[in-house]
Structures are given as C-alpha cells and as structure tokens.
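The values are calculated or read from the model by the stated rules, or taken from the named source; none is laboratory data. Predicted, not measured: the structure shown is a model, and the values here were computed from it. Methodologically, a virtual Cβ is constructed for each residue, glycine included, from the backbone with ideal geometry; neighbour enumeration extends over all protein chains shown.
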Protein chains: 2
Amino acid sequence: MVARMQALILAGGSGTRFWPLSRRVRPKQLLSMAGETSLLQTTASRLSPVVEPQSIWVCTTERLVDSVRQQLPQVPAEQVLAEPEGRNTAAAIGWSVSRMPAELQTGVVVVLPADHYMGDPEAFRATIQAAADISLEQDRVMTLGVLPNRPEPGYGYLELGDELDPTTGLRQVLRFVEKPDQATAEQFLAGGNYLWNAGIFVFRGQVLLDKVTEHLPELAQGLRALEESPEDLAEIYARLPSISVDHGIMEKLSDLGTLPLDCGWSDLGSWEALWELLDRDSDENATSGSVLAIDSHDSLIFADQGTIAAVGVEGLVVVKTGDAVLVIPKRRSQEVRRIIAELEQRRRNDLL
Amino acid sequence: MVARMQALILAGGSGTRFWPLSRRVRPKQLLSMAGETSLLQTTASRLSPVVEPQSIWVCTTERLVDSVRQQLPQVPAEQVLAEPEGRNTAAAIGWSVSRMPAELQTGVVVVLPADHYMGDPEAFRATIQAAADISLEQDRVMTLGVLPNRPEPGYGYLELGDELDPTTGLRQVLRFVEKPDQATAEQFLAGGNYLWNAGIFVFRGQVLLDKVTEHLPELAQGLRALEESPEDLAEIYARLPSISVDHGIMEKLSDLGTLPLDCGWSDLGSWEALWELLDRDSDENATSGSVLAIDSHDSLIFADQGTIAAVGVEGLVVVKTGDAVLVIPKRRSQEVRRIIAELEQRRRNDLL
C-alpha cells in the first residue's frame, strides 16, 4: 500500500509586494487579501479532500512559525517546520521532504506556494490528483503549468515538448524561460506551446531526494549532516547552497512532466494582480474598508485602518494602514520594492 | 487725541478646504500650515508694532473661542468675541465694532481674515498704516486690494477708478467683480486696472456703523437690540441678516477707496495654494513629515502622522492624518469640498 499524498506548503516569503499591508512579521500569506481567511489558510483548506490537514507540512521561517501554527491549528504542530534562515526553495523542499517519515517519502508530495489564488479549487484538486497519479506510476517529477490567458512578461514560462499521453494530457517540459520581453511573451501566448511556471511540483518524496543527490550533491550532503546532527540546525543550514529548485533541479531533469492547470490562478504578485481579482464597482474601482471615491476610476483603494478619500484619481493604488500610506500608479505597482529598498536604507525597521 | 488703531481678526471660518488636516474643531486658522505658529497667531503677531495685542479683537464662534484664547494669550480674553452662530461678515464686523468702547469707535479699525499668508509683513504693515491715515483724515472706508500676479479666476476683483491722490496712490473702487472666467481674468491682469479683493478693510469704527445704519438697517436694528439686551444674544443673533460685508455695504459705497497691497499675499485657499508657498525640492515636491517620494514630481505630500510613500505620482496632493487620507490632483484641490459634502451626507461627524 502506498502512503497517502502529502502537501508541502512553502510559507517563508517575506511579502514585500503588498507593503504597507504586508510586513516582515505579517507577510502576504498570513493576510486576508481576497477573502475571509488568510491566503495560507485558503491554500491549506483548498487541498481538502485530496490532502487532509494531518498530511499537510509547512516550511516557514522562525520569525513566522508561531503565526503559521496559530493560523493552521488543524495541521500537526511538528509538521510546521521553521528554517533558521531562508536558503531558497531547493533547500526548503529538500529539508522538508527529508524530515518526513520514510514511509511517507515513498508516497507523493505536492509542493505549492502559500500565497496564490485559485478561482476554481475543484479544477486545481483534479489536476494535482492527476499529476500525483502520474508521478506515482512513472516515478516522474511533475510541475503544474498554468494555462496563460495574457502575454505576461513578468512570469517564468515552461516550454512544452510532445504530448506523452493523450489520456492524461501529460507533456514533457523542454526548458524554463525566465521573464521574456513583451514581444516574446506575445509569441508564447499565440503559439500555445508555453505554460506559466507556478512553482507547483508533484513527485514521490524519495524521487526528489534522489534528484537532489544527483544534481545538488552539496545540498544532499548538508541534508545528511542535518539528519545526523539535528541539534546543529542553524549552523548547518547556514551553509546549505542557496538556489531555487527550478535552477538547481527542475531545469536539469530530462523527463520533467507537466499538466496544464486551468483554475483561475493568480500569483497575487502585486497590488495590480489583487485589483484584477477583486469585485469592482461600475467605475472599475476595487475598494476595501472606509473609502470615498469621487470621480475616480480604475483604482484600488484599500483602507485597512481609517478612511481614504480620493477625488479624480485614475489607475491608482492607494493603501492606508495605521502607520503608513502607499500611493502608486496601478500599472507600476511592482515598484513597491523601491520603497522597501529605501526604507531599508533609512533603517526604518518599524515600517518593514 | 485720536484712539489708537484696533484690529479685528475674523476667525470663524470652518476651514473645510484643508481636509483632512482641518476639521470643524480645528479649522485652518488654528493650524500651522506654513510655519511654526498657527495662521491666527501669525496674523496677530504680524500686526505688531502697528497694532499691539491689547488692541486686537477676534470674532470667532463659540465652538472655537477657547482654542482662540489659548492661542492668543496676549490678547485680552474679553476681546475674543464668540458668535452664537455664523451670520456672515456684515453681522460679524458690525457686532464686533459695536462691542468696542465708544472712544475706540472714533479711531480706526482694520478688519482682516485670520488665515491669510503674507510673504512681506513689513509691506503689509506699511499699507494698512497708510490706509488708516486716509480713513482717519477723510472718514473714508478703505479696502486693501492685492496686486495680482496671475490671471486667477477663483478670486473676487476690485475694478479701480481714478487715482484720487498721487502721493498715497489712493484710488477709488468702481465695482466688485466676483470670480470672472479665465479670459476675463486675463484681461483684468493685462489691463492693470484690477486688484484682488482680499477681504481686508480699514475704517473708523463709527463710520462703519453709520454705513450699517444706511445700507443694512435691519442689521443696525439688531445691533441696537443686542446692546439693550445682551443676555438675549443667541436669540437676537439668529435673526440678524446673513450677508457678506462686501455685498451688504462695500459694493454700495460710492467713495470706497483702496490702496494696492504688494506683500506676497496668499489666501491659502487650497492645498494647491499651500504648495505654491512651501519650499520645494528639485522635483517640485513639497513634503511635510515622514515622506518617501520616489520618481514623483510636482506634488504636495503632507504626512501629519505616520509615513507616506509615493512612487511615480505627478501633480498630486496626498495628505495623511491619524484617521484619514486625501488623494486628489493638485489642480483640482478645490474639490475637497465634494468630500466634505459626502461626509456630511454619510453623517461621518467623526471626520468633519
């Protein structure tokens, strides 16, 4: 009998993109951006019944581990793992899988970010179940690629090879393409041969650990050292190679498979992405909290505390928390990172 | 011997134009908009040594009288008069002058708003002194008109008649023109025959009261009733005709005189007007408080509490208080009144 599927939720993100709402101690995944529950809570509950709470693992940082356990009381506390520091996704995934009991490592693990949005959870569950079946039968590492609906230059893409199985729609991943330019992104969309890389992976635990040994021997060595001397976690962890699982492993696999994911996915990567998802009024404004929008259009006005009054604004993001206000054109909302950089330079830790 | 000059500062304004900084209980005149002291305090101290504190009178409302007395401890408390309700400037001026002792009424009174800015106080004092001399010698009511430096359609204008006296530059006022259209304002500026109506008047007290009797007999009657039954202030005051001193008296005078005032005057009538006066950085941003302005230009960013971070904004006013945020294009900052109207409709007295 094969072990039931485990889910590993990566919840270590620092969430600077939703400043001033997101902060170091309450990053995006812990916030209710688009619903009643936090993105992390939604990510966990969305897995059910394909993956039940007792089979959920969360990899986060020491700074956030208490908040994560509070938000997910149904997940066994010892399955909420705290990295002493962030060492990128290859280390996070390798370490987390290596912490699972050996019998679970024989089964399937689905790895997914804590802070994505899915409009159609049913379709999402069906796709991970199908990917899990393939990875179990074929010992194949799978990634779920999102069916693109616009020429988005901000994402990573998966180039697809031949269809390997007409029943499941399984296709091979030929290569990873990082953030193309606009023209290339348009070609990708038109050609129909590319999917967005959503950072969702499905594999048998032991298969992933074998790939680590093959492609990232230094990481494999570190994981063995951690198994032997778990009391030296901080010291050993600090020396693990810091590389993404995409670069370190997935891009090197000759048999990486994918299934297209068509579930109203959004990475919620910016205030603009949030605006896209939220209900909007007849002026295309999405508002939250106490907001007066007069002769204003196409804007996201988000009052976490207090009142925002806007007159005559167009395509703007305005966010108010108790201590800070953000004003930025919606189409430039990725540039919130410039504020983070400036706050770091000014050592305004109170605002980070 | 003639009584020394008295000043009457009109400080009853509700100051909705600087929302959210100004509120009903702390209108613009009580705020430090452009300096260390409040506009009211600056207005009072600017008069010295032409008018000393013991000769200053302030007409305000019951809601503000305590704050005014606190801000002006050097002004005798009994000279800070509290209207039971606002009945426009004719009533405020008539009542305040009638409250002065008879011997002061034989002297000159200068009436001025509490919330204007003067870049050159010396020039201002010289002009009111010159106007006072004329009003005393000729029993003439004088108004000070500001020398315009731009075709401003938002102001009232004084059309000038002949020069009556080449030594003083005294000119007659032919008529008042309310807010002209842009083309007319440009003609006014080009012709050089128009001044801005700044609401500053200079007259002998008794002369003004005679003009009230002549042109606003109903008001004169009310003032007499108040002298006879001061204990019925609220009841009698409520029945005083509500009309501006401009419409009720000044426009009806055939011998109204004026001197041009050239003192870097601003009525500080909007956030845009404040931006004009404030020091600005090389990107033409005027900022106050904790502000991060990245790739932003031509904007007023005013953080009364907390931090404002702006990226990529142009020509915008952003103001943050503890409980509210305003975002409005600078050139439309007069439209703050639309927010006030909306807040009144929503009965958000906490924000008014």
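Residue-by-condition table, conditions (1) outside any helix (DSSP H, G or I); (2) among the hydrophobic types (A, V, I, L, M, F, W, C); (3) in contact (Cβ under 8 Å) with a residue 12 or more places away in the chain:
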| site | (1), (2), (3) |
| --- | --- |
| B:Leu8 | yes, yes, yes |
| B:Gly12 | yes, no, yes |
| B:Leu21 | yes, yes, yes |
| B:Ser32 | yes, no, no |
| B:Trp57 | yes, yes, yes |
Meets criteria (within 17 Å of A:Gly322 (Cβ to Cβ), surrounded by fewer than 17 Cβ atoms within 10 Å (Cβ to Cβ) and either in contact (Cβ under 8 Å) with a residue 12 or more places away in the chain or not hydrophobic (A, V, I, L, M, F, W, C) (or both)) for B:Asp323: yes
Filter result (touching a Gly at 6+ places or on another chain (Cβ under 6 Å) and facing chain B (nearest Cβ under 7 Å)) within region A:304-327: A:Lys320, A:Asp323, A:Ala324
Subset of region B:326-351 [of a type in the set (A, V, I, L, M, F, W, C) and loosely packed, with under 15 Cβ neighbours inside 10 Å]: B:Ala341
Scope region B:279-299; condition more than 12 Å from chain A (Cβ to nearest Cβ) and either surrounded by 16 or more Cβ atoms within 10 Å (Cβ to Cβ) or modelled with pLDDT of 95 or more (or both); matching residues: B:Arg280, B:Asp281, B:Ser282, B:Asp283, B:Glu284, B:Asn285, B:Ala286, B:Thr287, B:Ser288, B:His297, B:Asp298
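Conditions (1) surrounded by fewer than 17 Cβ atoms within 10 Å (Cβ to Cβ); (2) of a type in the set (A, V, I, L, M, F, W, C), marked per residue:
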{"position": "A:Leu47", "(1), (2)": "no, yes"}
{"position": "A:Glu52", "(1), (2)": "yes, no"}
{"position": "A:Val68", "(1), (2)": "no, yes"}
{"position": "A:Leu72", "(1), (2)": "no, yes"}
{"position": "A:Pro84", "(1), (2)": "yes, no"}
{"position": "A:Ala91", "(1), (2)": "no, yes"}
{"position": "A:Gly94", "(1), (2)": "no, no"}
{"position": "A:Arg99", "(1), (2)": "no, no"}
Pairs, first within 12 Å of A:Ile328 (Cα to Cα) in region A:299-314, second aromatic (Phe, Trp, Tyr) and surrounded by 20 or more Cβ atoms within 10 Å (Cβ to Cβ), C-beta under 6 Å, six or more apart: A:Leu300/A:Trp271; A:Leu300/A:Trp275
Any hit, region B:94-108, residues being modelled with pLDDT of 95 or more, assigned by TED's automatic domain parsing to the domain that holds B:Ala34 and more than 20 Å from B:Arg224 (Cβ to Cβ): yes
Verdict on B:Glu284 being touching a Phe, Trp or Tyr at 6+ places or on another chain (Cβ under 6 Å) and not aliphatic (A, V, I, L, M): no
Exclusive hit being more than 30 Å from B:Leu240 (Cα to Cα) and in contact (Cβ under 8 Å) with a residue 40 or more places away in the chain, set B:Ala123, B:Ala185: B:Ala123
